[in-house]
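Encoded as structure tokens, the structure appears first; notes follow it.
The values are calculated or read from the model by the stated rules, or taken from the named source; none is laboratory data. Predicted, not measured: the structure shown is a model, and the values here were computed from it. With ideal geometry, Cβ positions are generated from the backbone for all residues, glycine too; neighbour counts draw on all protein chains shown. Surface areas here come from the heavy atoms of the whole protein model, side chains and all, with no ligands, DNA or RNA. Shrake-Rupley method; radii C 1.70, N 1.55, O 1.52, S 1.80 Å.
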Amino acid sequence: MPFATVEGSEFYYDIAGRGPPLLLVTGLAGISSYWDPNVAELGAHFTVIRYDHRGTGRSERSEQDYSIEGLTEDLVGLMDQIGIERASFVGHSTGGAIAQVLAAKFPQRVDRIVLYGSWSSLCEQMRLCMEMRLDLLQAYGVEGYHKASPVFLYPPRYVCDQWPALAGAIASAVAGSTTASILKARAEAVIRFDGSAYLGAISAPTLVLVARDDILTPLLASEELARGIGGATLQVLAYGAHAASVSDPETFNRAILSFLLNQGVQQERDARRAQVHGQPHPSISESR
């Protein structure tokens, strides 16, 4: 079970597959096992690295204020410790916010990025969802917080079809949960984050990926991301909600592999062209 020490704190990480490095950066839950449905297929093409964020999973349970910028520093430190100079990144939700900061502040470390179910500025729909999650945490504790998660993450059809497995996953999440104070601090970091100032500094080829039925980070949030990043491509999945990589992993894997393996050169050309003209020109596609 590999651990790396970053600024005196222990971080759990996992490496699988073979090929160029690909870092999978989880969302608010912060737990690397989120990517279990995707690692085998991605690992056929990439060396896949995933990790538990500070405060979550098997990493150190740091009782402190959290910020997206601080979580980004953790990621850079982890890369340094395990010897990764440059990589591609898939960032989900909070992980996508981390990837924005990383690509803007440390462009030499970034090859390509996928911003999946993410945001730059908090719309009122997302604010409402996040505040509801904090209210549930305060009123019902860790158990109530985790029990409500499927409502925000998955399509109704998936919840109904997969309920026995989801019920077990909720029980496991409660049993292995970090503290209520860390859950609160991490959610507050999401609410405070505004990545608008970072977008114009992102030069890496970028895919912005969102499911049309995502209620936590709705389509309009991804449209804003794509407009703000020069040469970015916006791809809309027809189904999957906020956790499309879990609810429809086949479609999700196909979308990101198409970008990472086949469209990189074109994305680089598009990004350079947009920079020359001084305007971001996101292209839009829809997957079914």
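Below are the figures for this structure:
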{"item": "Single match in GLY17, GLY27, GLY83 (criterion: of a type in the set (Gly, Ala, Ser) and without any contact (Cβ under 8 Å) to a residue 12 or more places away in the chain)", "result": "GLY83"}
{"item": "Some residue of region 210-220 being modelled with pLDDT of 95 or more and part of a helix (DSSP H, G or I)", "result": "yes"}
{"item": "Hits in region 147-164 (condition: open to solvent by less than 70 Å² (accessible area, probe 1.4 Å) and more than 14 Å from TYR34 (Cα to Cα))", "result": "ALA148, PHE152, PRO155, TYR158, VAL159"}
{"item": "Complete set of residues in region 206-220 that are open to solvent by less than 10 Å² (accessible area, probe 1.4 Å) and of a type in the set (A, V, I, L, M, F, W, C)", "result": "LEU207, VAL208, LEU209, VAL210, ALA211, LEU216"}
{"item": "Some residue of region 7-21 being part of a strand (DSSP E or B), modelled with pLDDT of 95 or more and among the acidic types (Asp, Glu)", "result": "yes"}
{"item": "Pairs with Cβ under 8 Å, 6+ apart, first in region 174-185 and free of Cβ contacts under 8 Å to residues at least 60 places away in the same chain and hydrophobic (A, V, I, L, M, F, W, C), second open to solvent by less than 50 Å² (accessible area, probe 1.4 Å) and assigned to a loop (DSSP other than H, G, I, E, B)", "result": "LEU183/SER177"}
{"item": "Residues (in a helix (DSSP H, G or I), among the hydrophobic types (A, V, I, L, M, F, W, C) and under 19 Å from ALA103 (Cβ atoms)) located in region 221-254", "result": "ALA221, LEU225, ALA226"}
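Conditions tested, residue by residue: (1) surrounded by fewer than 14 Cβ atoms within 10 Å (Cβ to Cβ); (2) within 22 Å of HIS53 (Cα to Cα); (3) not acidic (Asp, Glu).
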{"residue": "GLY168", "(1), (2), (3)": "yes, no, yes"}
{"residue": "SER181", "(1), (2), (3)": "yes, yes, yes"}
{"residue": "ARG186", "(1), (2), (3)": "no, yes, yes"}
{"residue": "ILE202", "(1), (2), (3)": "no, no, yes"}
{"residue": "SER222", "(1), (2), (3)": "no, no, yes"}
{"residue": "GLY231", "(1), (2), (3)": "no, no, yes"}
{"residue": "VAL236", "(1), (2), (3)": "no, no, yes"}
